[in-house]
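*Asks:* Before I ask anything, let me first share the structure, which is written out below as structure tokens.
The values are calculated or read from the model by the stated rules, or taken from the named source; none is laboratory data. Bear in mind the structure is a predicted one, so any value in this text is a computation, not a measurement. We place every Cβ from the backbone using ideal geometry, glycine too, and count neighbours over all the protein chains shown. We work out accessible area using only protein heavy atoms, side chains counted, and drop any ligands, DNA or RNA first. Shrake-Rupley method; radii C 1.70, N 1.55, O 1.52, S 1.80 Å.
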Amino acid sequence: MPLPSLKRSRQISPTHPFAGKKTWVPRMATGFSRALAAVLRSIGIDAEAIPPPDAETLELSGRHTSGDECYPLRLTVGDFMKILEKPEADPSKVAFFMATGQGPCRFGQYAPYVKSMLASQGYSDVTILAPACETGYSDFGEASSLYARGAWRAVVCSDILSKLLLKTRPY
């Protein structure tokens, strides 16, 4: 007997700014990027977690940052540039997910910084997806509540799995 369909009742529309684009999710907490990419796919956004940073990431970030930025931002910039500099990359079909935040941390400035840096490098066609709770995650249209619930579940589940991994790894 076939399994019932898990189709979501609300997804982004085909005219949505992220439809037809590959959205890349930067590495955040262990496993969370992959879980968040799955949440985005569940609402109709083609999403994938960015692979772990490597020497090329650091080399590219060195070319595109001043060195005064915090290390996670430098890794994010390097990873984004690595994706954009691939020969098959079409900037008009690429989007980058950037979480947002409030408060004294520079994290809340990642999205504006990355957008400005990409524009200065000739990548103004690249879309930055920076959903904010202040706007009710309106970037996702009718799928906003699905995104909010799914992203929260992704945070909780990836945190639980990371704790279980760290608890059992020594054995």
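*Asks:* Hey, any hits in segment 49-58 for a residue that's under 15 Å from the mean Cα position of the chain (by Cα), hydrophobic (A, V, I, L, M, F, W, C), more than 16 Å from Arg153 (Cβ to Cβ) and modelled with pLDDT under 90?
*Replies:* No.
*Asks:* Hey, can you tell me all the residues within segment 44-94 that are under 30 Å from Pro14 (Cα atoms), free of Cβ contacts under 8 Å to residues at least 40 places away in the same chain, basic (Lys, Arg) and surrounded by fewer than 19 Cβ atoms within 10 Å (Cβ to Cβ)?
*Replies:* Lys86
*Asks:* Count, please, the residues in segment 135-171 that happen to be farther than 23 Å from Gly20 by Cα, without any contact (Cβ under 8 Å) to a residue 24 or more places away in the chain and in a helix (DSSP H, G or I).
*Replies:* 10
*Asks:* Scan segment 19-28 and give yes if some residue there is closer than 24 Å to Lys163 by Cβ, at pLDDT below 85 and under 12 Å from the mean Cα position of the chain (by Cα), otherwise no.
*Replies:* Of segment 19-28, the ones closer than 24 Å to Lys163 by Cβ are 25-28.
Then keep just the ones that are at pLDDT below 85; that gives 28.
Within this subset, residues satisfying the condition of being under 12 Å from the mean Cα position of the chain (by Cα) are 28.
Yes, that holds for at least one residue.
*Asks:* Looking at segment 101-113, which of the residues that are outside any helix (DSSP H, G or I) and open to solvent by 70 Å² or more (accessible area, probe 1.4 Å) is modelled with the highest pLDDT? Explain how you work it out, then say what you get.
*Replies:* Residues of segment 101-113 outside any helix (DSSP H, G or I): 101-105.
With open to solvent by 70 Å² or more (accessible area, probe 1.4 Å) added as a condition, the list becomes 102, 104-105.
Working: Gln102: 68, Pro104: 59, Cys105: 63.
If we take residues in segment 101-113 being outside any helix (DSSP H, G or I) and open to solvent by 70 Å² or more (accessible area, probe 1.4 Å), then Gln102 is modelled with the highest pLDDT.
*Asks:* Mind checking which residues of segment 128-171 are among the hydroxyl-bearing types (Ser, Thr, Tyr) and either over 15 Å from the mean Cα position of the chain (by Cα) or open to solvent by less than 30 Å² (accessible area, probe 1.4 Å) (or both)?
*Replies:* Looking only at segment 128-171, we keep the residues that are among the hydroxyl-bearing types (Ser, Thr, Tyr), and these are 135, 137-138, 144-145, 147, 158, 162, 168, 171.
Thr135, Ser138, Ser144, Ser145, Tyr147, Ser158, Ser162, Thr168, Tyr171, listed by residue number.
*Asks:* Now for a different question. Given the conditions (1) without any contact (Cβ under 8 Å) to a residue 24 or more places away in the chain; (2) of a type in the set (Lys, Arg); (3) within 19 Å of Ala154 (Cβ to Cβ), report the number of the one that Arg27 does not fulfil.
*Replies:* Evaluating Arg27 over (1) without any contact (Cβ under 8 Å) to a residue 24 or more places away in the chain; (2) of a type in the set (Lys, Arg); (3) within 19 Å of Ala154 (Cβ to Cβ) leaves (1) as the failure.
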